[in-house]
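Below is one structure, written out as structure tokens; comments come after it.
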Amino acid sequence: MEDPISTSERRAKKEEAKRLKRKRIEEAGGVRPRKVKDDSEKVKGKILNNKKNNNSKKKKMTNHNNNNKNNLEKERHRFGRVMENVPCPNQARMSTLSIAIPGSIIANAQTRELRTHLVGQIARAAAVYHVDEIIVFDDKLSMEMKDRGGYRFRPHGPKIPKGREREDDNNHDDGEDKKTHENAEERVVHQKSDPHAFFARILQYCECPQYLRRHFFPMHPDLQFAGLLPPLDAPHHVRSGERSKYREGVVLDKRGNGPDAGSLVNCGIRSQPVEIDKVLAPGIRCTVKIDPKAYGSPRRINGIVVSPSAPTEEDGTYWGYTTRMAMDLNAVFSECPFGPNKYDLKIGTSERGNVTVDDEKFGLPSFRHSLVVFGGVAGIEECVDADESMSIPGEKSNTLFDIWLNTCPYQGSRTIRTEEAVLITLSRLRPHILKSSNHVEESKNEKDNDNGSGTMDSSNTNPDEKNDNTIPSPKDVVFSDEDPSDESSVDLNE
């Protein structure tokens, strides 16, 4: 227990201190007395404070700049960094490369996730190897796609606990509306997609730039797992801040100011549509050429509508692929979109091919529009047999093509899947395709120069003489596995 004398003394000292403080406040006119600084001291204090603040800010800025420099250096020298720009050959390319794939390969996948991933692999391969056209044809061998845990439609609105019904449904005298709603919901739940339509839709979705997908692709069961698709990251998939010379866009239902103003196009530039030189119907996709210097100006950006092939024909920049559907294998050839000449180089792939890329004398003739056809699970031969429009049997499928090619002789597996065959074939044909397409451009330039100088081409003097650009018949190459066994009878392109 504390001493009562000591506590009373402490209280007396506190009271005395309070009394003296109140006395000083009264003498100062009711204001607490503080030490007044001179003007010189005030100025010195301000200068010191400013110096301290400036020094702290400089330190922060230097630290921030140093961190940015270090980060930039790390990014510059970091392995595996993504390219800012796709390598450009800086050489005009007038030739095209098309591939034809049967849609039946999609029906073999067990789930919609695997189907989506399979199409994404083919789309990536097409973008890497500069494929200009992908044809999805019906080989008459496809089966209905059976989904495991398919797409389920959930109508908008609050969830209804089990055992309860909506008051609106209970108040109806007749249950026709409720019955039709249930039937419609059931029809959507059990909806099955055609494998060819599924294949083409996913291909188009992959090729479309990200900022345009909302305009062209509404909600659909086939796009349920579109988030699993790997991005193509092609040159026409332009970033928002990239100053690209060409951009893909969708025409808006708006026009610029003025009587001669053109339509406004959404080209992926944030809150800044591009005014084109023409008036187009709203909702269509177009390619717009933009001056790179116009990106930094505060005014509205102006552009010119060009052909989708303009970037490729200017400097060889790859600008995506088009997707076409064919009813059968015969329609792949007859519905060619490249004019009356159609495909001047047709290549069929098969494990029973009589030509191989491994041959030292292998080469492709000069071409303008090439086509590579892949078989399905049973191969091109079975597709020809199943196609009633074909007048030849499957054994003579090689007569449909200029080259009957085996891109992977002496394969280690009994079968090669179609998505694998696409990668193998395009990678092995890539140097030959570049060489043959460049040869076409050089010969075309030489002919233009000869015609401009007034010289006459000697090849046209005799009309009965064959043209030099005709494709020579391939030589027969004999292999030890030319007659495959029963175990390896499945085609190369399973």
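The values are calculated or read from the model by the stated rules, or taken from the named source; none is laboratory data. Predicted, not measured: the structure shown is a model, and the values here were computed from it. Here the Cβ is made from the backbone with ideal geometry for all residues, glycine too, and neighbour counts use every protein chain on show. Ligands, DNA and RNA are excluded from the accessible area calculation, which covers all protein heavy atoms including side chains. Shrake-Rupley method; radii C 1.70, N 1.55, O 1.52, S 1.80 Å.
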Set Phe374, Phe338, Phe333: member being aromatic (Phe, Trp, Tyr) and crowded, with 21+ Cβ neighbours inside 10 Å:
Phe374
Here is a check on your reading of the model: is Leu97 out of contact with any helix residue (DSSP H, G or I) (no Cβ under 9 Å at 6 or more places or on another chain), outside any loop (DSSP other than H, G, I, E, B), surrounded by 10 or more Cβ atoms within 10 Å (Cβ to Cβ) and modelled with pLDDT of 80 or more?
no
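For segment 328-341, which positions are more than 23 Å from Ala386 (Cα to Cα) and at pLDDT 90 or above? Spell out how you get there, then give the answer.
From segment 328-341, those more than 23 Å from Ala386 (Cα to Cα) are 337-341; that's our starting set.
Pro337, Phe338 - these are the residues of segment 328-341 that are more than 23 Å from Ala386 (Cα to Cα) and at pLDDT 90 or above.
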Every listed condition ((1) under 27 Å from the mean Cα position of the chain (by Cα); (2) over 23 Å from Cys206 (Cβ atoms)) holds for Ile380 save (1)
Can you find, within segment 377-387, the residue that is most open to solvent (accessible area, probe 1.4 Å) among those that are of a type in the set (Asp, Glu) and in contact (Cβ under 8 Å) with a residue 24 or more places away in the chain?
Glu382
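Being free of Cβ contacts under 8 Å to residues at least 40 places away in the same chain, farther than 27 Å from Ser98 by Cβ and open to solvent by 10 Å² or more (accessible area, probe 1.4 Å) is true for just one of Arg255, Arg201, Arg213, Arg243. Which residue is that? Steps first, answer last, please.
Values: Arg201 fails: farther than 27 Å from Ser98 by Cβ; Arg213 fails: farther than 27 Å from Ser98 by Cβ; Arg243 fails: free of Cβ contacts under 8 Å to residues at least 40 places away in the same chain.
Exactly one residue qualifies, and that residue is Arg255.
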Among (1) over 26 Å from Asp253 (Cβ atoms); (2) surrounded by fewer than 13 Cβ atoms within 10 Å (Cβ to Cβ); (3) in contact (Cβ under 8 Å) with a residue 60 or more places away in the chain, there is one condition Gly296 misses while meeting the rest; what is its number?
(3)
The one condition in (1) within 13 Å of Tyr211 (Cβ to Cβ); (2) modelled with pLDDT under 90 that His237 fails to fulfil
(2)
Conditions first: (1) at pLDDT 85 or above; (2) farther than 20 Å from Glu360 by Cα. Ser389 passes all but one, so which condition is the exception?
(1)
If I filter segment 443-456 for residues that are open to solvent by less than 40 Å² (accessible area, probe 1.4 Å), in a helix (DSSP H, G or I) and modelled with pLDDT of 90 or more, do I get at least one hit?
no
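I'm trying to understand the selection: among the residues of segment 391-415, which are open to solvent by 50 Å² or more (accessible area, probe 1.4 Å) and under 15 Å from Glu381 (Cα atoms)? Show your work before the answer.
Pass one, segment 391-415, residues open to solvent by 50 Å² or more (accessible area, probe 1.4 Å): 391, 393, 395-396, 398-399, 410, 412-414.
If the condition is that a residue be open to solvent by 50 Å² or more (accessible area, probe 1.4 Å) and under 15 Å from Glu381 (Cα atoms), then Ser391, Pro393, Glu395, Lys396, Asn398, Thr399 are the ones that fit.
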